[in-house]
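Q: This is the structure, below, for whatever I ask next.
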Amino acid sequence: MRITCPICGERDRREFYYKSAAVALERPDPEAGDGVWNDYLHLRENPAGVTRELWYHETGCSAWLVVTRNTVSHEILDAVLASEARA
Ligand SMILES: [Zn+2]
């Protein structure tokens, strides 16, 4: 799989570090129960299909990217700087 970094160009995915899905999580209230905190800390969606993900160009330019990827085919549809990505 290859990712086109907006700064460095096309690179092997091993130059990048996958962080997470590119979604904002709402932090629970500090007094929320253990179940709520367990879900917040450990449960994530695992969709099949097109997703937006946060990747770090670890051995390149150190930019954070929002990568749009099909998790079934691994096709990269888009990669933009996280600072310029829209929610
Ligand atoms: Zn880069």
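Q: Given the Cα-Cα distance of Val50 and Tyr18 and 0.36 nm per residue of separation, how much length would full extension add, in nm?
A: Contour length minus the Cα-Cα distance gives 9.9 nm.
Q: What residues from segment 1-36 fall in the zone where the backbone N is under 13 Å from a label point 7 Å along the Cα-to-C-beta line of Val80?
A: Only 6 pass the distance filter.
Q: Are there cysteines in the chain with no second cysteine's Cβ under 4.7 Å away, and if so, which?
A: Cys61
Q: For segment 1-66, what's the relative contact order in percent, using C-alpha pairs closer than 8 Å and at least 6 residues apart?
A: Relative contact order comes out at 38 percent.
FYI, it's all coordinate maths here, none of it is from the lab. Please read all numbers here as calculations on a predicted model, not as lab measurements. Methodologically, a virtual Cβ is constructed for each residue, glycine included, from the backbone with ideal geometry; neighbour enumeration extends over all protein chains shown.
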